[in-house]
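J.: There's a structure below that I have some questions on.
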Amino acid sequence: MAGEAVLQQSKEVADIPKGEGLELIVVTANAEPVRVLVPAATRWQVLQLADALQSEITNPRRRSSISYLDAAQKLYRWLIAPIAAELTASKTDNLIVIPAAGLRSVPFAALHDGQQFLIEKYSTSVIPSLSLTDIRYDNISDDEVLAMGISVFEDKPPLPAVPVELQTIAPPDRGKSFLNQEFTLANLQAQRSRRPFGVIHLATHSEFQPGEPSNSYIQLWDTKLQIDEMQQLRWNEPPVNLLVLSACSTALGDEQAELGFAGLAVAAGAKSALASLWEVSDEGTLGLMAEFYRQLRIPQREGKVTIKAEALRQAQLQMLRGRVRIQDGMLRVEGRNDVVTLPDELAVRGDRILSHPYYWAAFTTIGNPW
């Protein structure tokens, strides 16, 4: 019953197969679908290994180690190696993954072939099904950004990087930003009714707990936006090309809410969402988001448009290769003169290179990758 569909940009896919073993389906633009059975693996084994990989990556005591590689390489052997020849033959550069229920927490970006991570070869994205995904391309490099966030909370740790994050991704010539008491549900709805922001960015805390919808929410200043309320916000009126949920575990879900908050937003009309599988540090999120938006606004790369999944990949590569770092109280990107000055609460934590998968592998695009 475990399964995965790996696709290039313009493909169609059959329903995910069901059964005890692991079966992969590859659909490319110019070839018949290829089905591959992986007898060495079952859904349960993949789930256990995915949990082990995430545990190793997020363990703060192993932030400077490569203890995650064993699980990352085994998952690669199960999920990617059996179809590698088809991907090479079709010259695939973007993988659209439709994982079976229960496998949506796999951090595909962190899978490793023994030489390199998966994102060093492919951009990746996850969709619940092709039939429910708007596959039309829209260039969003010039879209205005509505950025909202909270930096201080009554019952949760502060997020001191949020004010800098909002200023960086939504300067006055790129959109509007609202911090703390201005981040209310009423203001979110009011701003959307006044201007058709193509990108909405929410930076705050969130909580996901399986079961009752009231247990899972995104924290706004004046209320908790519960997970079942995501669908009521009509993300296609006006159309939202990209919803960025810069909060912890917003891509996690259960059988009632597969792919979590992000999945529900896509189901409710947002063309795509960017979300995370686990809680990333404040400064790590700032580094990823700042570089993602910079990559997104590059109109062309080698004659090709920059799709959302590729912009995320390029940001992740910059972090993986140690080019995004905290140094002398500033967020710096190697080869660039512009820097982001960190608030004192983060600056005192010292210099850091944000190359460990903990900082970048949690983030994934859900829905339309283009």
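Each reported figure results from applying straightforward, stated rules to the coordinates on display, with no laboratory input. What you see is a predicted model, and the numbers here were worked out from it, not measured in a lab. When we count neighbours, we look across all protein chains shown, and the Cβ atoms used for this are built from the backbone with ideal geometry, even at glycine.
J.: Once both labels are modelled 7 Å past Cα along the beta-carbon direction, what's the residue 40-residue 193 spacing in nm?
T.: Modelled inter-label distance: 5.8 nm.
J.: Find how much the distance from residue 228 to residue 47 grows on full extension, using 0.36 nm per residue of separation minus their present alpha carbon separation; answer in nm with one decimal.
T.: On the way: separation 181, 0.36 × 181 = 65.16 nm, distance 2.56 nm.
Fully extending the segment from residue 228 to residue 47 adds 62.6 nm.
J.: Rounded to the nearest 0.05, what FRET efficiency do residue 84 and residue 351 have when you use their Cβ-Cβ distance and R0 = 41 Å? Intermediate results must be reported in sequence, preceding the final value.
T.: Working: r = 38 Å, r/R0 = 0.93.
For R0 = 41 Å, the calculated efficiency reads 0.60.
J.: Would you calculate a helix-derived [θ] at 222 nm for the chain, using -39,500 (n - 2.57) for each DSSP H run of n ≥ 4 and dividing by the full residue count, to the nearest 500? Write out the running numbers ahead of the final one.
T.: On the way: 10 runs with 95 residues, N = 370.
Rounded to the nearest 500, the figure is -7500 deg cm²/dmol.
J.: Among the aspartates and glutamates, which fall within straight-line cross-link reach of residue 224, defined as a Cα-Cα distance under 15 Å, with same-chain neighbours fewer than 8 residues apart omitted?
T.: 154, 155, 182, 207, 212
J.: Work out the length of the dipole vector of the chain about its Cα centre, built from +1 on the beta-carbon of each Lys and Arg and -1 on the beta-carbon of each Asp and Glu, and round it to the nearest 20 debye.
T.: Details: 35 positive and 44 negative charges, 171 e Å.
Roughly 820 debye, rounded to the nearest 20.
J.: Using the alpha-carbon atoms, what tilt in degrees (0 to 90, nearest 10) does helix 185-194 show relative to the longest principal axis of the chain?
T.: 90
J.: If you take every DSSP beta bridge whose two residues both sit in the chain, what share of them, in percent to the nearest 5, is antiparallel? Intermediate values should be presented prior to the final figure.
T.: Numbers: 30 of 58 bridges.
Roughly 50 percent of the DSSP beta bridges within the chain come out antiparallel.
J.: When the chain is modelled as a GNM with alpha-carbon springs shorter than 10 Å, which of 85, 72, 267 fluctuates the most?
T.: Looking only at 85, 72, 267, the biggest GNM fluctuation is shown by 85.
J.: Can you give the percent of C-alpha pairs in the stretch 136-370 whose distance is more than 31 Å?
T.: Details: 4195 of 27495 pairs.
Of all Cα-Cα distances in the stretch 136-370, 15 percent exceed 31 Å.
J.: Also, quick follow-up: Sequence gap at least 6, Cα distance under 8 Å: using those rules, report the relative contact order of the chain to the nearest whole percent.
T.: Numbers: 789 pairs, mean separation 56.3, N = 370.
Computed value for the chain: 15 percent relative contact order.
J.: Give me the angle, in degrees from 0 to 90, between the Cα long axis of helix 69-79 and the longest principal axis of the Cα atoms of the chain, rounded to the nearest 10.
T.: Once rounded, one gets 60 degrees.
J.: Could you point to the residue in 26, 133, 270 farthest towards the positive end of the chain's charge dipole, with +1 and -1 charges on the Cβ of Lys/Arg and Asp/Glu respectively?
T.: The Cα lying farthest towards the positive end belongs to 26.
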